[in-house]
Amino acid sequence: MTPRISPERLQAGLAELAGFGGRTDGGVDRLAGSQADVEARRWLAGQMAGLGLESGVDQVNNVFGHPLGNGPWLLLGSHTDTVPAGGKLDGAYGVMAALEAYRSLREAEHPAAALISLASFHDEEGVTGHGFEGSEHFCASPAIASISGYLELHIEQGPRLEAEGKDLGVVDAIVGIDRYEVLLTGQANHAGTTPFNYRKDAGRAAGRFIGRLRELVQGVDERMVANVGALQLEPGAPNVVPGVARFVLEVRGPEQALLTRAGQVLGDELQRIAGEEGCRAEVAPQTSWPATAMFPGYVAALERVCERSGLPWRRLASGAGHDAEILARHVPAAMLFVPSRDGVSHSPLEWTEPRLLAQGCQALLDAALEVLGES
């Protein structure tokens, strides 16, 4: 019989962890490397040690716990650092669910307990560092040879599962992110004396392009998104037609070929609009983060677990980055999502029903057994 996790124990663990850096509004300030973060990691290492695991905090602040020996083990985990004024679940849920899954296997004296290790990676969020610092360090170290694969449970941080009435989400890819610096140059002029048809309005060109983003990227693939979060117009006076518009364009998609195609489509449309407005467009790549597919065998295992559970579920790509994408470059890896209420994350309002959190934790345990061939 498959061991069952304790929903009450999972909730108690999440509440205790939330006390490290807890805020009066219900949120958490536990930035990577802060006192609250360091204290939380020491506490977590103690929790792992209490379960008989060899545990500790490494030189970059990763926390690991593993059975005696050299492995290889199936690694379960996530991260416990937060953004400023973050929530109680982002990352923390995956770590505490991994701990609860292992505890349940150990209490049941299940043989799979000897095949599983646990982790909380440092600086996933990238607020105080470059992000993914802990998982990148681990993957570049000899310790990567100690694991056979990686499973990560996480809140979705988006609205799709809740909106569709799904309790679980099997992640098949983590999106890549391309960013471009865009410069539109027209001609600054008097806004009162220059009729519309005589203007070379960089602001209008930018507005027309931004207004078309949704149709353009979804014309490439409906799973894609794009964003312009800030727009700078120069000279920036209410009575002057903008001669310059600057912005950073971000595009996210689950496959590299889609990102490349979207970049071409968006660039062509920008040039077309600029020409119609009497402006000049310059587009320069700023950064590029590759899309990462999850390991098909693990994805299939998660799908079997979800199907057997009888719970509503779907496949989806993750629109945010996770440590799993770093691990996936070196070992088989996959992710499982549970819904986020109203799609809210990185906020004190971040919340998921305890029932859904418990179901996700049980699915993680079941998935570990499925991957290990112990189900």
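A 1.4 Å probe run over the protein chains yields, for region 294-375, 37 Å² of accessible area per residue, whole-number rounding.
A straight line joining the Cα centroids of region 296-326 and region 184-200 runs 52 Å.
For the chain, the longest principal axis of the Cα atoms and the long axis of helix 7-18 meet at an angle of about 60 degrees. Of ALA202, ALA98, ALA262, the residue with the greatest mean-square motion in the GNM of the chain, using alpha carbon springs below 10 Å, is ALA202. A convex hull fitted around the alpha carbon atoms of region 267-320 yields 135 Å³ per residue. Rounded to the nearest 20, the Cβ-based charge dipole of region 35-192 about its Cα centre (Lys and Arg +1, Asp and Glu -1) stands at 200 debye. Legend: residues THR185, THR2, sorted from most to least accessible area (1.4 Å probe; ligands, DNA and RNA excluded), read THR2, THR185.
The dipole here belongs to region 276-345: it is taken about the Cα centre, uses +1 on the Cβ of Lys and Arg and -1 on the Cβ of Asp and Glu, and is about 420 debye. Restricting the calculation to Cα atoms, every distinct pair contributes to the Kirkwood radius of region 164-317, found to be 17.6 Å. When the Gaussian network model of the chain links Cα atoms closer than 10 Å, the mean-square fluctuations of ALA188, ALA145, ALA293 top out at ALA188. Of all the options VAL83, VAL171, VAL244, the one that moves most in a Gaussian network model of the chain with Cα springs shorter than 10 angstrom is VAL244.
The values are calculated or read from the model by the stated rules, or taken from the named source; none is laboratory data. Just so we're clear, the structure is a prediction, and the values are computed from it rather than from any experiment. In this analysis, Cβ positions are derived from the backbone assuming ideal geometry, glycine residues included, and neighbour counts consider all displayed protein chains. Protein only, heavy atoms only, side chains kept; ligands, DNA and RNA dropped before computing areas. Shrake-Rupley method; radii C 1.70, N 1.55, O 1.52, S 1.80 Å.
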